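Here's the structure, in structure tokens; my notes come after.
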Amino acid sequence: GRSRTSSRRAYWAVAASAHLHFSYVLTYLYNTQHHNHIHIDNGRSGNGPSIFSTRSRTQIQAVQAICTHLWDIPVEVTGQWDGPTRNSLGRLLADLGQGEDLTDRATWSAFLTASIRRG
């Protein structure tokens, strides 16, 4: 229903904010131990801003869920940096006036910041 959708949007806005600052963020998509909280760890990002890695299952899951729940762009949450994910994200990034390379720190930051605002 509506409240579930609203809660899901708020959840992913918070998760986007966490991903903006930390490279290691675990959500309910990671495993059942994280169904009731978001785990944030600066072990990878240290004191600097996070960067996106196409090898990070948790970051890819977040991108897929953010596209689906915040931008209304349905993307299957596979945790894989697959063609459908790249295509959907590419269109969104173009709409946001960004390049297509999410591994670029400025593009990653712009994507997450716009997603937080959208939430």
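Looking across region 87-109, the residues that are within 20 Å of S23 (Cβ to Cβ), surrounded by 13 or more Cβ atoms within 10 Å (Cβ to Cβ) and touching a residue at least 12 places away in the same chain (Cβ under 8 Å) come down to L89, L93, Q98, L102, R105, T107, W108, S109. Please tell me if G48 is of a type in the set (G, A, S), modelled with pLDDT under 95, farther than 28 Å from R4 by Cβ and surrounded by 15 or more Cβ atoms within 10 Å (Cβ to Cβ). Taking the combined requirement at face value, the residue does not satisfy it. Checked against (1) small (G, A, S); (2) in contact with a strand residue (DSSP E or B) (Cβ under 9 Å, 6 or more places away or on another chain); (3) modelled with pLDDT of 90 or more, A13 passes all but a single condition, namely (2). In region 70-85, the residues that are free of Cβ contacts under 8 Å to residues at least 60 places away in the same chain form Cβ pairs under 7 Å with partners that are in a loop (DSSP other than H, G, I, E, B) and crowded, with 19+ Cβ neighbours inside 10 Å, at six or more places apart or across chains, as follows: P84/V75; T85/V75. In this structure, I66 qualifies as within 14 Å of W12 (Cβ to Cβ), in contact with a His (Cβ under 9 Å, 6 or more places away or on another chain) and surrounded by 15 or more Cβ atoms within 10 Å (Cβ to Cβ). The set of residues in region 90-99 that are of a type in the set (A, V, I, L, M, F, W, C) and in contact with an Asp or Glu (Cβ under 8 Å, 6 or more places away or on another chain) comprises L93, A94.
Test S7 against the stated conditions and say whether it is in contact with a Pro (Cβ under 8 Å, 6 or more places away or on another chain) and outside any loop (DSSP other than H, G, I, E, B). Answer is no for this residue.
The values are calculated or read from the model by the stated rules, or taken from the named source; none is laboratory data. Nothing here was measured: the structure is a model prediction, and the numbers come from that model. Because the Cβ atoms are built from the backbone with ideal geometry, glycine has one as well, and the counts that use them run over all protein chains shown.
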